[in-house]
Amino acid sequence: MAADLRHILAAFLTIAMFAMLGNMIKRDHFDAFQVSIQVQSNTHVMKYKKKGSTTLLSKGLWQKDSMPLKECWIKPTPIVQEAKKSNGFIVFSLSNGPEYHMSQVMDAVVIARFLGATLIVPDIRGSEPGQKKKLQDMYDEEKFMRSLHGVIKIAKELPHEMTSKSPVVVSVPNQASEDYIERNIEPIFQTTGYLRLATDFSSIHMKPREKQNSDFYSTSCLAMFGSLELKQEIQEVVKTMIERLRTLDQTSNGRFLAVDLRVDILEKKICKRSESIRRKTCYSAQEVADFLKKMGFAGNTTIYLTQTWWHESLKFFKEMFPNTYTKDDLIPTEKKGHFFGPENVMLERALDFSICSQGDAFVPAITGLFYGNVIGKRIVLGRTQTLVPSSPSPDHLSTYVVKKSHLAYSCYC
């Protein structure tokens, strides 16, 4: 009965999100500070009105976590012996931060399997030219290869005879369908036998998989949620930081809020509200602090910010919530040189992604793929309490939050 109830709640959450999406498309925007949602296991809704009144339809601010979900899919059918000879090669890189990596791996794996190609273990590339790392510098490479063994043909490096050749670069929409791969990618691969994939996150395909229990969908689930795992050294740092947050909390049984609030993003012009369309893509430290106060969180609540160091613009937030910490406050001193600095931005974001995924509640102040994939990961872990200060830009709620939540609930139950 419990399993059935979880399925019903999962379906209700997905339907509710799509209903919100439809409303956004109809109106083309949300009025700022009109409505916010609390995405959690019992799908209660928090209304935050312009006048500052708050209606909380649940008991208590902290919600009990659900049990971690179990896989609803089985491992894809192993490739047959006759098919193990490669039809060609596919290369790709992980880029733009760890919040993108799960999706990039998923796209590459399902395409390689569909085409019968050998997938080369990706490298990791930063935003600046020449910033390149090996997969093993950030993730458990052996676990990555074990998880995909028999699902696709995979190799650490290209064969020597291929190293002098140049691949055809193909832009791929995130979560491309089988039909899209067959029509747009397979003809190119049959001609060249050597592709470099680049996932395009601006191309959105909201149509669900037609066969959710199909081999194709099982491959998507495995690649998205079962292949990438931070290497042990990084996991240990995350564990240390979370343990310190829980130890610092004196009032909520070791609970803490994880708030995705980064000054560098907030200062960009894109985050400024446009009066002409009355919508925002992010919220300031003061707006988030006011929101949390109006919800009823005490001033001594323990809070983690996805900010590396303190910034003067966070003074107001710190005054309202003194027990607020950044990475610099929590990471062991001897580890700072390894994680901080322009060349280590992805490692910083890996810490943020892991801590936000494991926090007792998640508060996204910034829309984007980080927001969507953190929610997907939290759903899988059974940590489904997410507090949204105000309805975000329709561009990102429709593309990422709905899609990743739907995918997570499709893969796990």
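Observations on the structure shown:
- With DNA, RNA and ligands ignored, accessible area of Asp137 (1.4 Å probe; Å², nearest 10): 60
- R0 of 60 Å, Cβ-Cβ distance Arg125-Gln286: FRET efficiency to nearest 0.05: 0.95
- Apolar share of the accessible surface for region 89-227: 47 percent from carbon plus sulfur atoms, 1.4 Å probe.
- Based on Cα contacts under 8 Å between residues 6+ apart, region 99-240 shows a relative contact order of 36 percent.
- Backbone geometry of region 336-349 corresponds, through the Karplus equation with coefficients 6.51, -1.76 and 1.60 at θ = phi - 60°, to 3J(HN,Hα) couplings of 4, x, 7, 9, 9, x, x, 7, 10, 4, 5, 5, 4, 5 Hz, x marking Gly and Pro.
- For region 110-127, putting each phi into the Karplus relation 6.51 cos²θ - 1.76 cosθ + 1.60 with θ = phi - 60° gives couplings of 5, 6, 4, 5, 4, 8, x, 8, 8, 8, 8, 3, x, 9, 10, 10, x, 7 Hz, in residue order, rounded to whole numbers and with x for Gly and Pro.
- Sequence-distant aspartates and glutamates (8 or more away, or on other chains) whose Cα lies within less than 18 Å of Lys315: Asp260, Asp264, Glu267, Glu287, Asp290, Asp328, Asp329
- Spin-label pair Trp309/Asp200, simplified geometry with 7 Å Cα→Cβ offset, distance in nm: 4.0
- Lys293, Lys75, Lys70, ranked by accessible area, largest first (probe 1.4 Å): Lys70, Lys75, Lys293
- Rounded to the nearest 10 Å², the accessible area of Trp310 at probe 1.4 Å: 90
- Annotation: amide H-H contacts under 5 Å for Val172 (H modelled 1.01 Å from N, sequence separation of 5 or more, or interchain): Ala198, Thr199, Asp200.
- Thr191 accessible area, assembled protein chains, probe 1.4 Å, Å²: 120
- Shape call, region 89-227: gyration tensor on alpha carbons, a/c limit 1.5: rounded
- Computed 3J(HN,Hα) for region 312-323, one whole-Hz value per residue from the Karplus formula 6.51 cos²θ - 1.76 cosθ + 1.60 where θ = phi - 60°, is 4, 6, 8, 4, 4, 4, 5, 5, 6, 10, x, 8, glycine and proline marked x.
The values are calculated or read from the model by the stated rules, or taken from the named source; none is laboratory data. Just so we're clear, the structure is a prediction, and the values are computed from it rather than from any experiment. With ideal geometry, Cβ positions are generated from the backbone for all residues, glycine too; neighbour counts draw on all protein chains shown. Note: areas computed on protein heavy atoms with side chains; ligands, DNA, RNA excluded. Shrake-Rupley method; radii C 1.70, N 1.55, O 1.52, S 1.80 Å.
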